[in-house]
1. Considering the Cα trace of the protein assembly as shown, what is its radius of gyration and what is Dmax, both in angstroms?
2. How big is the dipole moment of chain B about its Cα centre under a simple scheme where the beta carbon of each Lys and Arg is +1, that of each Asp and Glu is -1, and everything else is neutral? Debye, nearest 20, please.
3. Which stretch or stretches of the range A:19-34 have amide N atoms under 14 Å from the point lying 7 Å from residue A:75's Cα along the Cα→Cβ direction?
4. Enumerate the lysines that residue B:15 could reach by cross-link, defined here as Cα to Cα under 16 Å, with residues fewer than 8 away along the same chain left out.
5. If you place +1 on the Cβ of every Lys and Arg and -1 on the Cβ of every Asp and Glu, how big does the dipole about the Cα centre of the protein assembly as shown come out, in debye to the nearest 20?
6. Between residue B:96 and residue B:62, take the C-beta separation as r, use R0 = 35 Å, and let me know the FRET efficiency to the nearest 0.05.
7. Calculate the spin-label point distance for residue A:14 paired with residue A:68, positioning each point 7 Å from the Cα along the beta-carbon direction, and give it in nanometres.
8. On a straight-distance basis, which lysines could pair with residue A:70 in a cross-link, Cα separation under 29 angstrom, same-chain partners fewer than 8 positions away excluded?
Amino acid sequence: SQQGEEDPQALSIQEGENATMNCSYKTSINNLQWYRQNSGRGLVHLILIRSNEREKHSGRLRVTLDTSKKSSSLLITASRAADTASYFCATAQGAQKLVFGQGTRLTINP
Amino acid sequence: GAGVSQTPSNKVTEKGKYVELRCDPISGHTALYWYRQSLGQGPEFLIYFQGTGAADDSGLPNDRFFAVRPEGSVSTLKIQRTERGDSAVYLCASSLRLTGSGDEQFFGPGTRLTVL
């Protein structure tokens, strides 16, 4: 079973705009991670935010975590065509398995 | 190698056959994970190894699935008596260590299994 739920399931925006994706989860976590996947194959790790952190930045990415609401958001600023992909949040319970959501399909239109 | 590698990249088999999927983790990574991803879904956890031992196999769907990591490096996922419902992309990941709060997992490109 999957814990996370991403919202929206699909998002289409114009190049240069910002893209925001949200993730909700159900149980307590140690950390939450965001991954990108192109063409249904290997996942690329984007960013990890620990349960005691509230916000983290990496380049054009900004992730927030609200443990009281059991939610996280991923913001991609100044989107590019190359950002077109599926984005997944994954929660780590303990130091073990990741539990993924169903993903957000992001399309950047030129 | 620089990253996690998986072989084969694609596997087509017939219902009832036995298949083996191989994963080579990043050198020095002690933790290794297997996930399965069906079309349009996120990856689902199958099993993880810390060293040679399976520390958590709670995600294996039934006893037709088995995985080994005999020397603490390469791992093989074995599926007996394959069924059409086993068709999916099987992803392997590794991480440097298991800490109290978890580490980034590095994923391989996956093996796309098709059971006819």
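1. Cα radius of gyration and Dmax of the protein assembly as shown are 17.4, 50 Å respectively.
2. Values: 12 positive and 12 negative charges, 82 e Å.
So the dipole magnitude of chain B works out to roughly 400 debye.
3. Only A:19-22 pass the distance filter.
4. Correct list for residue B:15: B:78.
5. Numbers: 25 positive and 21 negative charges, 47 e Å.
Result for the protein assembly as shown is approximately 220 debye, rounded to the nearest 20.
6. Values: r = 31 Å, r/R0 = 0.89.
The computed FRET efficiency comes out at 0.65.
7. In this crude label model, residue A:68 to residue A:14 measures out at 3.8 nm.
8. Cα-Cα hits under 29 Å: A:26, A:56, A:97.
Every number in this text was worked out from the coordinates using simple rules, so none of it is lab data. Since the model is a prediction, treat every value here as computed from it, not as a measurement. Cβ: placed from backbone, ideal geometry, glycine included. Neighbour counts: every protein chain shown.
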